[in-house]
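What follows is a set of notes on a single structure, which appears directly below.
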Amino acid sequence: MGAQIRVYRQKIASTTSTRKIFKAMELIATSRIGKARARVASALPYANAITRAVSAVSSQSEIDHPLTTEHGQVRRAAVLVLTSDRGLAGSYSASALKQAEGLFETLRSEGKEIQAYLLGRKAQSYFDFRGRGYERVWTGGTDAPEFSTAREVGEALLSTFLKDYEDGGVDEIHVVYTKFRSMVVQEPSVMRLLPLEVVDEQVPQDGELLPLYEYEPEPEQVLDALLPRYIESRIFAAMLQAAASELAARQRAMKSAGDNATELIKKYTRLRNTARQAEITQELSEIVAGADALNAS
């Protein structure tokens, strides 16, 4: 009986230590989520401005630019998958990978080859475990993205998009990331990056007129300069959305884990007390039995 009590005491002590870790991680995620949301909000003005500029150039000029022209036959597609570097974030990475698998199935059903580009160690582990190939992977800092990483990713994707199919190029590029809706809702999403679909969620969809521009130099040269920046900004915006979603998911997961640890501690405490009461009852019974035996003798 004493051994059983020691086991429960050890379980209570270890669970208490684990709960402290969960609580610390919850507090860290809570403190960082505000900064992550602020970065998402601060990135909107630049993204909106460059989106309007690209929209204006694309809609007001009759040009045939490779980044805005649909391919007649799409034979190969690149997919950038954004996950986390670390775990303990609930189903955050699993949901993004599930969304990516759905996109893969859709593209394969359309007869398209797939080139995978990965951002985050969870995506890398997922592909490595299944023996599936990928073109490139970027790891480190998924919960605090740097623009230099977005620029590197954008250059790699743009380079493969501008290649011919015979040289290993792709005809379209998709991005799978997790969109931050609120602290409770994070939504895995797919965005087609190229050929360009100008998407600006902050622009009213009620027929807002774009400003008229005069171009110097020519519109083609303007697009050549604007579109790489547009691609970088869209990738960076997706990375910021994913980072905010990761922190929100981790904060929620750590709170849930801490609550579960508290319930376990209560359960082990009750079991320890029950075992202690049984031990005391057994000791009293042995004392009474011994006293009766002495009296009888």
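Just the protein heavy atoms count here, and of the accessible area of region 1-105 at 1.4 Å, carbon and sulfur take up 56 percent. For the chain, would you read off the P(r) tail past 27 Å as a percentage of all alpha carbon pairs? More than 27 Å apart: 55 percent of the Cα pairs in the chain. Taking 19, 9, 37 and ordering them by how much accessible surface each has at a 1.4 Å probe, largest first, produces 9, 37, 19.
Taking every DSSP beta bridge that has both ends in the chain, the antiparallel portion is near 35%. From the alpha carbon centroid of region 1-25 to that of region 228-282 is 16 Å. Of the listed residues 164, 143, the order by accessible area with a 1.4 Å probe, largest first, is 164, 143.
Pairs spanning more than 23 Å between alpha-carbon atoms, out of 179/255; 35/255; 98/122; 98/163; 122/266: 98/163; 122/266. Spherically averaged projected area of the convex hull of Cα atoms, region 243-292: 3.1 nm².
Taking every full run of DSSP H in the chain, the ones that stretch at least 30 Å from end to end by Cα along their long axis and average -0.5 or higher on the Kyte-Doolittle scale are 2-60, 219-296. Rg and Dmax, both from the Cα atoms of region 110-166 and both in Å, are 13.0, 37. Computed over region 73-143, the alpha-carbon pair-distance distribution with 5 angstrom bins reads 4, 17, 27, 26, 15, 7, 4, 1, 0, each value a whole percent. With contacts taken as Cα pairs under 8 Å and at least 6 residues apart, region 1-158 reaches a relative contact order of 19 percent. Per residue, region 135-181 exposes an accessible area of 44 Å² to a 1.4 Å probe, with every protein chain left in place. For region 28-161, the equivalent ellipsoid derived from the alpha-carbon gyration tensor has semi-axes of 28, 24, 13 Å in decreasing order.
The values are calculated or read from the model by the stated rules, or taken from the named source; none is laboratory data. None of these values were measured; they are calculated from a predicted model. To get the accessible areas, we keep the full protein, side chains included, count just its heavy atoms, and leave off ligands, DNA and RNA. Shrake-Rupley method; radii C 1.70, N 1.55, O 1.52, S 1.80 Å.
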